[in-house]
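One structure is given below, represented as structure tokens, and several questions about it will come after.
The values are calculated or read from the model by the stated rules, or taken from the named source; none is laboratory data. What you see is a predicted model; the values in this text were computed from it and never measured. Neighbour counts are summed over all protein chains in view; Cβ atoms, including those assigned to glycine, are modelled from backbone coordinates with ideal geometry. Keep in mind that these areas ignore ligands, DNA and RNA; they rest on the heavy atoms of the full protein, side chains included. Shrake-Rupley method; radii C 1.70, N 1.55, O 1.52, S 1.80 Å.
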Amino acid sequence: MEFFKLYIKEEIASGVVILMFFFLRYFMAKLIRRFARVSEALEHRSNLVIKYFNILIGTVCVIALFVIWGVKPQDLIIVISSLFAVIGVAMFAQWSILSNVTSGIILFFSAPFKIGDNIKIHDKEFPIEGEVEDIRGFHTYVRTPEGEVITYPNSLLLQKGISVVAHKKEIQEFTD
């Protein structure tokens, strides 16, 4: 019982941070889903972006809890910088994965093309023209007129010039 009396400020602050965590997760999910409805993005794409934001919000809340419970800022900075160093070394070999995830989020919000659009990718060595079948977190599926399905990395879609040849006019039912 002494613990509860001794650390009442930290307990209340921790409760507020935890409540804010759930509120922010709910609010961000609603905001992203509303944006997905307006931009006619598919549900699995919006769920992927929601997952990324949940990881970010969770990380910020854990850091806030460390600060509330008295972890010294210099100790926290050492732990975070060490963690980033380890992740950075591990991800250096996998930079393309991180690049494709980031590009997937950018494609979600900018929406230069939609599923069902016929696009032309202006690549000097390997030009592609076809219909966008699916846009995932790491890559986009494009079906050529010959029926071949090409998996194209999202990071390259942001680097190459893309022309939308024709929009597919189809009303989609969107559900939560």
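For region 118-154, name all the residues that are surrounded by fewer than 18 Cβ atoms within 10 Å (Cβ to Cβ), at pLDDT below 90 and assigned to a loop (DSSP other than H, G, I, E, B).
Residues satisfying the conditions are Asp123, Lys124, Glu125, Phe126, Pro127, Arg136, Phe138.
Table: residues versus (1) on the phi > 0 side of the Ramachandran plot; (2) open to solvent by 90 Å² or more (accessible area, probe 1.4 Å); (3) in a helix (DSSP H, G or I).
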| residue | (1), (2), (3) |
| --- | --- |
| Leu19 | no, yes, yes |
| Ala29 | no, no, yes |
| Arg33 | no, no, yes |
| Leu48 | no, no, yes |
| Leu56 | no, yes, yes |
| Ala64 | no, no, yes |
| Gly70 | yes, no, no |
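Identify the residue in region 35-46 that is part of a helix (DSSP H, G or I) and among the hydrophobic types (A, V, I, L, M, F, W, C) and, among all such residues, is nearest to Ile135 (Cα to Cα).
Ala36
Out of (1) in a loop (DSSP other than H, G, I, E, B); (2) of a type in the set (A, V, I, L, M, F, W, C); (3) buried (at least 16 other Cβ atoms within 10 Å of the Cβ), the odd one out for Leu157 is which?
For Leu157, the failing item is (1).
Can you tell me which residues in region 134-157 are touching a residue at least 12 places away in the same chain (Cβ under 8 Å) and of a type in the set (Ser, Thr, Tyr)?
Thr140, Thr144, Thr151, Tyr152, Ser155, listed by residue number.
Read through the list (1) under 29 Å from Ile50 (Cα atoms); (2) touching a residue at least 12 places away in the same chain (Cβ under 8 Å), then give the number of the only condition that Ala166 fails.
Failed condition: (1).
Separate question: Has region 82-102 got any residue that is touching a Gly at 6+ places or on another chain (Cβ under 7 Å) and either modelled with pLDDT under 80 or in a strand (DSSP E or B) (or both)?
Yes, region 82-102 contains a residue that is touching a Gly at 6+ places or on another chain (Cβ under 7 Å) and either modelled with pLDDT under 80 or in a strand (DSSP E or B) (or both).
Restricting to region 1-45, count the residues that are under 18 Å from Val67 (Cα atoms) and in contact (Cβ under 8 Å) with a residue 12 or more places away in the chain.
7
Take region 12-34 and flag every residue that is under 30 Å from Asp134 (Cα atoms) and hydroxyl-bearing (Ser, Thr, Tyr).
Answer for region 12-34, where residues must be under 30 Å from Asp134 (Cα atoms) and hydroxyl-bearing (Ser, Thr, Tyr): just Tyr26.
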